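What follows is calculated from the coordinates using simple rules that are stated; it is not laboratory data. In this text the structure is predicted, and so the values were computed from the model without any measurement. Using ideal geometry, Cβ is built from the backbone for each residue, glycine included, and neighbour counts are taken over all protein chains shown.
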Amino acid sequence: MRQSEYPHNSPEQVRQYVAAALELVIELDVPPELREVAFAKAVDLFSNKQVFWEQVPALANLRPH
């Protein structure tokens, strides 16, 4: 049995999420006692993503008969 691991985000994406979260917390002037939780939540929200699955028709089915 083979195990493979794939990271969800690249280091560059993580940098972007953290920078965006920090910028947002600063922009919103979050009170000091809430900054840690606001920053963590902002990173979570920026890094969340939806994954959609759709079935792609086979090429043979697209040709007219």
Do any chymotrypsin sites (Phe, Trp or Tyr not before Pro) in the chain lie in a DSSP loop with no more than 13 other beta carbon atoms within 10 Å, and if so, which?
-> F52, W53
tail above 15 Å in the computed P(r) of the chain, as % of all Cα-Cα pairs, reads 68
The long-range amide H neighbours of V30, using H built 1.01 Å from N in the peptide plane and a cut-off of under 5 Å, are none
Per-residue Cβ neighbour rank within 10 angstrom, fewest leading, L45, L24 = L45, L24
Could you calculate the contour length gain from L45 to E27, that is, 0.36 nm times the residue separation minus the distance between their Cα atoms, to one decimal place in nm?
-> 4.9 nm
To the nearest 10 degrees, how steep is helix 11-28 against the longest Cα principal axis of the chain, on a 0 to 90 scale?
-> 40
The chain, dipole about Cα centre (Lys/Arg Cβ +1, Asp/Glu Cβ -1), debye to the nearest 20 = 500
Which GluC sites (Glu not before Pro) in the range 1-38 pass both tests, a DSSP loop state and at most 16 other beta-carbon atoms within 10 Å?
-> E5
To the nearest 10 degrees, how steeply does helix 35-47 sit against the main Cα axis of the chain, on a 0 to 90 scale?
-> 10
Neighbour net charge for V25 - beta-carbon separation under 11 angstrom, K R +1, D E -1 | -2
By count of other Cβ within 10 Å, fewest leading, how are L34, L59 ordered?
-> L59, L34
